[in-house]
Amino acid sequence: MTTTDQSVIIRGTWSTFLRNKMGMVGLIALVMAIFIAVFAPLLAPFDPYEVVHVTIDDIYAPPSLEHPLGTDDAGRDVLSNFLYGARVSLIVGFFAAFISIVIGGSIGISAGFFGGALENGLMRFTDIMLVIPDFPLIVLLVALTKPSLLNIILVIGFLGWTSSARLVRSQTLSVKERKYVLRARSIGAGNPHIIRHHIFPLVLPLMVVNTVLIISLAILNESVLSFLGLSDPTMISWGQMLNFAFSRGAMSTGAWWALLTPGLGIVWLVLACTLLGHGLEQVLNPRLETHHLSVGAEMIARPKIPPAHLEEGAPAPGD
Amino acid sequence: MEEALPPIIEIKALCKYFPIKQTNLFDREEKFVHAVDDVSLVVGVAEVLALVGESGCGKSTLALTLMGLEKTTSGSLQIAGQEVTELKGSGLRAMRRNIQMIFQDPYESLNPLMSIGDIVAEPLKVHGLVKDKQARQERVLLALEDAGLKPAASFIQRLPHELSGGQRQRVVIAAALVLEPKVLLADEPVSMLDVSIRAEILNLLLELRERRGVSILMITHDLGTVGYVADRIAVMYLGRIVEIGPTLSIMQNPQHPYSKALLSVAPVPNPRQRRERIILQGETPNPIDLPPGCRFHPRCPVAQPHCSQIDPRLRLIPAGHEVACLEVKPKITSGPG
Amino acid sequence: MIDQPRSRSRAADLDQAPILLELSHLSTDFLIKDSPPAHALVDVSFTLREGEALGLVGESGCGKTTMMLSLMRLLPANGRIIEGTAQFGGVDLFSLSEKEIAGVRWKEISMIFQGAMNALNPVRTISDQIAEAFILQVGRVDKKVVDDRVISLLDLVGISADRRKQYPHQYSGGMRQRAMIAMALACNPQIVIADEPTTALDVMIQAQILELLEKLRDKLGLSIIFVTHDLGVVAEMCDTVLVMYGGVTAEYASVDAIYNEPRHPYTRELLRAFPDLNRPTAKLASIPGFPPRLNALPPGCRFAPRCPIAQDICHIEQPELRWIDAGHAASCHFLDLLPDGPAAAASPNTPSQNLLNSES
């Protein structure tokens, strides 16, 4: 596609998306999280890595003017920790999801497009990976290797691709059968051209939606790993905050701020991604109510033999 | 008419069989779908030939082999003098510049995410012709205008769903024209369009034949449109041509019982005309287990005993066209044909 | 109730036959989010007598399928019948409740859907699906009675009884269409609506199906409404024709009058666009432009942008449906100017101003 057409479609997608309340809420929530992660050093009143000398009164101190969200088990400011902690969650979320989608997308397109023994092999491999319980395997791998940010990203990324592989393969199979692909072949296009210009652009929207949903899964996975104490203890993350709070008596002290803050942070991020993902799905999936191809479309003459998925006799825009 | 220039398409004894997957381990013999079974025909330069028949007659398979989208089982297929059955890879791709296809469904033939300009430019890009963007754009505009989409520039940026069925079909035609092929293979080009716009598209095809000298091989089941556009008709049944010749000759004087039946049931928009309709019983049998002798004889209203034993060949008859039927008297020629 | 055949009055006595269904001034809208409603049908009327075959002719977007769905009260969620009555058996179908209309549907008026091939459930046998059509309406009866009825219905449509336990994929396209017809006849209805019954079928199968419908019409005294774009089918099968365009009635007359004395410009152009096997090389007309989009309807006459004789008034004012003589009505401002048949209207297509706008 030339840049001109891409811009037409992107503008159309964007305007349709703007009208989608759920997606917009998700997007704004996510952008807020990214904002605080990026500007954490400027926003945080304290530097969470600074060594503090504390007295017994400073530990699990309730929210006050100086510490709006109180202090944690080591007397550090919960708010500052929270702001910095967003970074790890988001970094792991995005990068791991990216790895997953690249692997899943490649496997899906290859299996769907080439079929035959390759498809069989790849899909059986996918099935095996699906059957293995994700999380125990993640725990195992992380425990065996050094607990570092990179390792966590890699492990979550390499184990999270199965759902996208299946999705992409399905979509590839369906696009492969379309008449315009046949027409491209009849023009003389080879496989690389067809994959690049026909299969990929039609699979991409689904991949985008799937990525967003995988991001939320990756964030959750990371949080749980940190909570279990399997990540780098010097890294501040929300899971880590929860870990320390739980294992160091926040419950018995009644220091709800140390628990709720990271917990709600995780919920916030996951919810943001989910809402954004569903919103995008509505916009990008032609089978649902509104989609980007309905941009400015008036109703066109219905074909006499409507394609199976169109409704009989009910002219509706954007179908 | 055809003597002056060599034919653009020459098909000799073409066969295309699809093997059936064996579900039973103990099947003795391999079974085939005889989609195209010994078809020979010739298409001249700037000629319109219509392939008529119902589903299962092999016309679509024949089209796919002509486009090189299916490999032939046996026989020869020459396009613009080149033997297509031997071509592979880049040779095959180059051959595609000679013959381009127009598909039946204008709603599915265009990638919904690609602009009209890109769709029409795609063949040029695939074949690496016209590297210069400006020149390419000009070719695209020319093709769009030739296909009747004016002003061409206003269509370049639009997306398929913004266009009507007739306009979309014109885009498909423009994309086929941009490579300047010698043959257009039109597979039911108007059957999914509203009646009031069919004539437009058919007239366009005729115009292209006049202006560009392109030959058209039209596949259809609609005898009405055939009468309008075609110079010659070939009627197919179960993988064979049963009758072939000039359009008027066949439409006014069909000889093969199957052609007669088809013509008799084609709907005519005149309630006062009560015709004798020959409605064949049953459906076209599957092309796997072919009946012995003439493959039409089980449904033929005038079948004789010898029809189940002898397989008729196409022979010239006095009416001026060729028929494959034992019950039709061939033309007696004094010398070798 | 199930097994009573009905007697028939044939075309010659059609005028004497009792009126079964009287549709008056039907208007249907489709509600669209963030947009004014689309007027899919405006003021459409027709009469259907016992034993009559009515052809509903039009192209995409003309509203013929919407009309049938309105009649059967099967409109999708955003469809609304905003005016009109459908008098059937002394009741107005549009005033019935959901429960009451369910008693009419299939028992009195049934439908053969478009794309019948795909309207069958692939995981249930044909026998089950046919049985379902009358069990739901009539209440459960003895298994043997059900089976007998299924066999007799299949026999009516020419499918042998030993194929009744098969699945749709084991039937050919023509047979599936026959099975759909059997289902439509299951409760011995008075009216059958056939929505594009032969589209997507081969020509020979089409002929078989039409022959079957003709035979059934005689045998069972059915009234049939053919919804189609195929003028050839209409010429062969119908007594009366209603030509629709852009949701309104263009012309309504006997089949003879429509084909030999068409008065509406659209009807004329449509006839000229349809190939005639008797004159295969005669020039085929096309109507420039394309059918109107329901949410962008032209002001005035819906056909004006494409009409070869459109004048200023046509773009401003919608023509009323006028009765030319008994049984022949058309909606055009210039009915009087063209009193004769097609020959008088053999004008070349002159594009009007709106045409250029609609093309770009």
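Please treat every number below as a calculation from the coordinates, not as lab data. Treat the numbers as computed from the prediction; the structure is a model and nothing was measured. Because the Cβ atoms are built from the backbone with ideal geometry, glycine has one as well, and the counts that use them run over all protein chains shown.
The dipole here belongs to the range B:111-176: it is taken about the Cα centre, uses +1 on the Cβ of Lys and Arg and -1 on the Cβ of Asp and Glu, and is about 60 debye.
In plain terms, the residue of A:SER106, A:SER186 with the fewest other Cβ atoms within 10 Å comes first and the most crowded comes last, giving A:SER106, A:SER186.
Over chain C, Cα pairs under 8 Å with separation of 6+ residues give a relative contact order of 19 percent.
Sequence-distant contacts, meaning Cα pairs under 8 Å at least 6 residues apart, place the relative contact order of chain B at 19 percent.
For A:ALA74 and A:SER163, a Förster radius of 30 Å and the Cβ-Cβ distance give a FRET efficiency of 0.15, rounded to the nearest 0.05.
Taking each residue as 0.36 nm, the span from A:THR145 to A:LEU228 lengthens on full extension beyond its C-alpha to C-alpha distance by 28.4 nm.
Could you tell me the calculated FRET efficiency between A:ASN191 and B:GLN82, based on Cβ-Cβ distance and R0 = 22 angstrom, to the nearest 0.05? Let's see the in-between values first.
On the way: r = 24 Å, r/R0 = 1.08.
Efficiency at R0 = 22 Å is approximately 0.40.
Computed from label points 7 Å out along Cα-Cβ, the spacing between B:VAL302 and C:SER152 is 4.2 nm.
Working note: Karplus 6.51/-1.76/1.60 with θ = phi - 60° gives the range A:129-134 the couplings 4, 5, 6, 5, x, 3 Hz, where Gly and Pro are set to x. Note on chain A: GNM, Cα springs under 10 Å; of A:ARG248, A:ARG76, A:ARG166, the largest mean-square fluctuation is that of A:ARG248. Multiplying the residue separation of A:PHE98 and A:GLU66 by 0.36 nm and subtracting their alpha-carbon distance yields 7.6 nm. Computed extension length for A:PHE39-A:PHE200: 54.4 nm, one decimal, from 0.36 nm per residue of separation with the Cα-Cα distance subtracted.
Residues in the range A:35-53, backbone N under 20 Å from the label point at A:LEU18 (7 Å along the Cα-to-beta-carbon vector): list them, ranges by number please. The answer is none. About its Cα centre, chain B has a charge dipole of approximately 100 debye under the convention of +1 per Lys or Arg Cβ and -1 per Asp or Glu Cβ, with nothing else charged. Percent of C-alpha pairs per 20 Å bin in chain A, short distances first: 27, 48, 22, 3, 0.
Per residue of peptide B:160-171, the mean number of Cβ atoms on other chains within 10 Å of the residue Cβ is 4. In the Gaussian network model of chain C, springs joining C-alpha atoms below 10 Å, which of C:VAL123, C:VAL57, C:VAL42 carries the largest mean-square fluctuation? Ranking C:VAL123, C:VAL57, C:VAL42 by mean-square fluctuation puts C:VAL123 first.
The translational diffusion coefficient of the protein assembly as shown, from Stokes-Einstein at 10 °C and 1.306 mPa s with a Kirkwood hydrodynamic radius over alpha carbon pairs, comes to 48 µm²/s. Helical runs (DSSP H, four residues minimum) scored at -39500 (n - 2.57) apiece and divided by the length of chain C put the mean residue ellipticity at 222 nm at -8500 deg cm²/dmol.
Put in line by how crowded their Cβ is, counting other Cβ atoms within 10 Å and starting with the fewest, A:SER170, B:SER249 read A:SER170, B:SER249.
Axis of helix A:149-159 versus longest Cα principal axis of chain A: the two differ by about 40°, to the nearest ten degrees.
Rounding to the nearest 10 and keeping the result within 0 to 90°, find how far the Cα-based axis of helix B:195-212 lies from the longest principal axis of chain B. Roughly 80 degrees, rounded to the nearest 10. The GNM of chain A, with springs linking C-alpha atoms under 10 angstrom apart, assigns the highest mean-square fluctuation among A:LEU225, A:LEU260, A:LEU276 to A:LEU260. A simple rule links phi to the HN-Hα coupling: the Karplus curve 6.51 cos²θ - 1.76 cosθ + 1.60 with θ = phi - 60°, which for the range A:76-85 gives 8, 5, 5, 4, 5, 4, 4, 4, 6, x Hz, with x for Gly and Pro. Can you tell me the FRET efficiency between B:LEU206 and A:MET32 if r is taken as the Cβ-Cβ distance and R0 is 56 Å, rounded to the nearest 0.05? Efficiency, rounded to the nearest 0.05: 0.30. Summarised in one figure, the compactness ratio Rg/Rh of the range B:111-176, Cα atoms and Kirkwood Rh, is 0.94.
Mean residue ellipticity at 222 nm, helices only, chain A: -22000 deg cm²/dmol; runs of at least 4 DSSP H residues each add -39,500 (n - 2.57), and the sum is divided by the number of residues.
With neighbour counts taken as other beta-carbon atoms within 10 Å, the residues B:GLU276, B:GLU54 rank, fewest first, as B:GLU276, B:GLU54.
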